[in-house]
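Visitor: First the structure, then my questions, so here it is.
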Amino acid sequence: MKSVLRVLPLSLAMFSLTACEPAKAPPAAMLPVAQIDGIDISEPRLRLPPGGRDVTAAYLTLTNNQDVPRKLVGAESPDAARIELHAHLTGADGVKQMRQVNEVVIPAKGTAVLAPGGLHLMVFGIKPDVKPGDQIKITLTFDNARRVSFPTPVVENPSQSVEGDKAHGGHQH
Ligand SMILES: [Cu+2]
């Protein structure tokens with residue numbers, strides 16, 4: 001009797017998994033959330049600001065399907081005061097520091113990956129009380145003056161810090 005009780009819920013769980021997720025579907029994370037002029041935007045996420053702060057970083061992947069390079073030149077959100085494009089660059093002293101940059105190049109037939117420790121969107125003055133699962137609207141502007149908007153989910157912040165906390169020298173507020 002005991003073994004029957006243990007086996008039954010497991011097989012039910014396996015059945016519902018199979019029914020809901022066809023094997024041929026690509027992983028949801030890789031699907032573009034938005035597209036404009038041959039540029040795919042995928043995996044947008046915004047790190048939950050560490051306790052009490054209103055500054056955090058957002059990340060995403062830009063894939064350029066065109067034969068010409070494209071540049072990301074700006075970002076904004078109705079849910080934040082300001083968004084800057086940031087990079088971690090190695091200074092003359094050999095120390096990596098966070099710096100604001102004017103543009104992020106997406107190579108022809110290539111990608112620009114905005115990820116922890118590298119390129120990122122620095123979000124200032126984010127609205128209070130955001131929590132994981134919330135969606136923040138972000139609008140990107142490219143060098144051809146085209147703009148695209150998409151929802152960016154708020155995710156847990158494993159580091160409990162903000163990009164640049166370990167390299168304050170380059171942070172210009
Ligand atoms: Cu930054």
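Visitor: Which whole-number percent is the relative contact order of segment 29-170 (Cα, under 8 Å, 6+ apart)?
Guide: 31 percent
Visitor: For a label point 7 Å from the Cα of D129 along Cα→C-beta, name the residues of segment 77-102 whose backbone N is under 19 Å from it.
Guide: 78-81
Visitor: Note down the net charge around M30, summing +1 for each Lys or Arg and -1 for each Asp or Glu among other residues with Cβ under 10 Å from its Cβ.
Guide: Neighbourhood net charge equals -2.
Visitor: Near the amide H of L119, under 5 Å away, which other amide H atoms are found, from residues 5 or more places off or on another chain, if H is placed in the peptide plane?
Guide: Result for L119 returns H88.
Visitor: Measuring with a 1.4 Å probe in the full set of protein chains, what accessible area per residue, in whole Å², belongs to segment 29-170?
Guide: 48 Å²
Visitor: In units of 2.2 N^0.38 Å, what is the alpha-carbon radius of gyration of segment 29-170?
Guide: Details: Rg = 14.7 Å, N = 142, 2.2 N^0.38 = 14.5 Å.
Working it through for segment 29-170, the quotient is 1.01.
Visitor: Across segment 29-170, how many lysine pairs, 8 or more apart or on two chains, come within less than 27 Å at their alpha-carbon atoms?
Guide: Value for segment 29-170: 8.
Visitor: Could you tell me what percent of the accessible area of segment 29-170 is made up of carbon and sulfur, with a 1.4 Å probe and every protein chain present? Don't skip to the answer; put the middle values down first.
Guide: Values: 3490 of 6890 Å².
For segment 29-170, the apolar C and S fraction of the accessible surface comes to 51 percent.
The values are calculated or read from the model by the stated rules, or taken from the named source; none is laboratory data. No experiment lies behind these values; they were computed from the predicted model shown. For neighbour counting, all protein chains shown are included, and Cβ atoms are generated from backbone atoms with ideal geometry for every residue, glycine included. Note: accessible area is taken over every heavy atom of the protein model, side chains too, but ligands, DNA and RNA are not part of it. Shrake-Rupley method; radii C 1.70, N 1.55, O 1.52, S 1.80 Å.
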